[in-house]
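All remarks here apply to the structure that follows.
Laboratory data are not the source of any read-out in this text; all were calculated from the coordinates shown. Everything numeric here is computed off the predicted structure, so don't read it as measured data. Heads up, the Cβs are rebuilt from the backbone with ideal geometry, glycines too, and the neighbour counts pull from every protein chain shown.
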Amino acid sequence: MENPTRRLLIALLLCGTCGLARAGSSTGSLSITATVAQTCSVSATSTLAFGAYDPVVANASTALTGTGSVSIKCTKGSSGITVDLDAGAHVSGTQRRLQGATVTTDFLNYGITQPATTSPWTSCAGSTVWGSTVGGSVYTPSGVTWSAAAAQAFTVCGSVPAAQNISAQSYSDTVTVTVNF
């Protein structure tokens with residue numbers, strides 16, 4: 001008769017070698033991808049402040065001018081960016097208007113113009129109305145180095161036409177800035 005311990009030992013050895021005989025490896029590859037979206041945001045604005053309008057003396061024949069700014073961040077390497085300003089909350093036809101705070105039926109007409117160039121600017125030499133909803137057009141900047149880390153600032157130039165017959169009070173409006181990308 002055979003020894004049961006010997007049989008068990010042989011079976012264990014055979015199982016152990018069977019497992020080793022089957023051991024192996026195989027390799028493959030896993031693709032990794034990502035897409036960076038072209039996106040933009042209005043990162044800051046500063047008020048287009050005209051200051052005091054004097055329809056009797058100082059602004060009887062001269063428009064009152066003012067400046068503000070819009071800062072925009074876009075993904076690095078972005079292109080085809082346009083900036084539009086809507087008509088404001090108190091528009092009448094294509095005329096932007098500031099509404100009186102006390103006498104809310106009084107409105108002070110004003111306009112906003114685009115820069116004369118298409119690169120970031122600080123000059124108010126442009127005469128094209130800024131805004132597709134007020135008979136103007138969108139602004140298409142070029143030569144801009146877009147960066148998600150650093151905003152590009154664009155000056156917003158405005159003017160209040162001379163000799164408007166309006167009440168003494170404060171006036172305000174809100175214009176929405178839209179960046180298309």
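Per-structure values
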item	result
The stretch 58-141: relative contact order in percent, alpha carbon pairs under 8 Å with at least 6 residues between	27
Cα→Cβ-extended label distance, 7 Å offset, between THR104 and SER26, nm	7.5
Net length gained if the chain between GLN38 and SER170 were fully extended (0.36 nm per residue, minus Cα distance)	43.5 nm
Sites ALA60 and SER142 - FRET efficiency at Förster radius 41 Å, r taken between beta-carbons, to 0.05	0.55
Kirkwood Rh, Cα atoms: Rg over Rh of the chain	1.65
